[in-house]
1. Can you find a residue in the stretch 226-236 that is over 18 Å from the mean Cα position of the chain (by Cα), modelled with pLDDT under 85 and crowded, with 21+ Cβ neighbours inside 10 Å?
2. In the set F263, F329, F249, which member is surrounded by 15 or more Cβ atoms within 10 Å (Cβ to Cβ) and in contact with a Lys or Arg (Cβ under 7 Å, 6 or more places away or on another chain)?
3. Looking only at residues in the stretch 127-166 that are closer than 15 Å to P294 by Cα and of a type in the set (D, E, K, R), which one is modelled with the lowest pLDDT?
4. Looking at the stretch 304-318, can you tell me whether even one residue there is within 35 Å of the chain's Cα centre (by Cα) and outside any loop (DSSP other than H, G, I, E, B)?
5. So which residues in the stretch 10-52 are closer than 22 Å to R297 by Cβ, part of a loop (DSSP other than H, G, I, E, B) and without any contact (Cβ under 8 Å) to a residue 12 or more places away in the chain?
6. Among the residues of the stretch 172-222, which ones are surrounded by fewer than 18 Cβ atoms within 10 Å (Cβ to Cβ) and β-branched (V, I, T)?
Amino acid sequence: MPWKESSAMSLRIEFVRLAQRSELGMAELCRRFGISRETGYKWARRYAIDGVEGLSDRSRRPHRRARSTTAAIAQHVTALRREHPAWGGRKLRRRLQDAGVEDVPAASTITDILHREGLIDMGESGKHRAFLRFESEAPNHTWQMDYKGHFPIGTGRCHPLTVLDDHSRFALGLIACDNERTETVQQALIALFRVYGLPWRFLTDNGPPWGDGGGPGFTALTVWLMRLDIAVSHGRPYHPQTQGKDERFHRTLNAELLRDNAFRDQADSQRAFDAWRKVYNHERPHEALEMAVPASRYKISTRSYQEQLPALDYDSGVVVRKVGEGGRFTYKGRKYSFPKAFDGYPIGLRMTATEDLMDILFGHHVILQLNLRSGIATKPVKDVSAHL
């Protein structure tokens, strides 16, 4: 991935921190990051001895750590706030503690310093409201994906594609795109899969290219994801709260980066995205994580991406039919309509415990249920994308 998309320093930091929590062997982790095992072990040793500073090409390790005084604390607070204007007292306090600053005061005291220095906009403070969220039980159980609203750049418009791990809030991808087409998203996801592995599920909204505007929700992109054995769930139409974490991530991205900056082109946007994403994942305390950073809760997936799509196999007892052009298949002499995204693919038909009701499978995924009397295929009562 991404060595072309991110600075070398940012990726070294991400590599060593993910390596500490990874269940993969060093060889596989290095393969995903496109480096040799010798380089991977070198960075791991340097990080163990000198922390982040050990990863620099040129060491800048201070000879001693200055003791904090009241005036020095205020300077630390104001300097960090100016670097991160959207951070409040709690985040600033935790970041100063993580940076090794001594005698860090309470968050309320830090807030008082910000007020005194004129660094708090009361109008902006009143806008912050918490989202009600569910949380996946483990990393890579569910990734949320969406496009942040596009914005103007010097050469046109940038469409930021965001991919967030639901459990840890770890930002897997923040990609500057020049469109929102299926091929663009697919190539971006392949780059992420090669490094982080595969999730079990994606949660998206109902818009293209991963949704059809509120219908069954099957597109060329979701069919491709299911072929990789990744389930796809969609939030209810007009209810962005379902993707609350990604929506909140977009608000943070806007407040901390996009609102006060302009970019020349897509490459300039990507450089800024990479730098901000490193701060978000590894430095910015997250209130929903009890002021920990997302990287502290994320583990790289053990499900490796396969360059060749696996074959669609069905168990014995499952009737297999091929979807013809225009979205139709035949069963017992009767033709049934089917989503056109599956044109040319084999699907499986399996009777349920309910008379005249069949599950329609695509690989391991129950995607629809067919009423043989009415001839209508609808979403099952349970999530249509549930992984079996």
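The values are calculated or read from the model by the stated rules, or taken from the named source; none is laboratory data. For clarity, every value in this text was computed on a predicted model and none was experimentally measured. FYI the Cβ positions are ideal-geometry reconstructions off the backbone, even for glycines, and counts take in every protein chain you see.
1. Filtering the stretch 226-236 for residues over 18 Å from the mean Cα position of the chain (by Cα) gives 227, 236.
Okay, now just the ones that are also modelled with pLDDT under 85, so 236.
Next, only the ones that are crowded, with 21+ Cβ neighbours inside 10 Å stay: none.
No, the stretch 226-236 has no match at all.
2. Working: F263 fails: in contact with a Lys or Arg (Cβ under 7 Å, 6 or more places away or on another chain); F249 fails: in contact with a Lys or Arg (Cβ under 7 Å, 6 or more places away or on another chain).
F329 is the lone residue from the list that is surrounded by 15 or more Cβ atoms within 10 Å (Cβ to Cβ) and in contact with a Lys or Arg (Cβ under 7 Å, 6 or more places away or on another chain).
3. Filtering the stretch 127-166 for residues that are closer than 15 Å to P294 by Cα and of a type in the set (D, E, K, R), the one modelled with the lowest pLDDT comes out as E135.
4. no
5. If the condition is that a residue be closer than 22 Å to R297 by Cβ, part of a loop (DSSP other than H, G, I, E, B) and without any contact (Cβ under 8 Å) to a residue 12 or more places away in the chain, then G25 is the only one that fits.
6. We begin by selecting, within the stretch 172-222, every residue surrounded by fewer than 18 Cβ atoms within 10 Å (Cβ to Cβ); these are 178-184, 186-187, 190-191, 194, 200, 207-208, 213-215, 220.
Result: T182, T184, I190.
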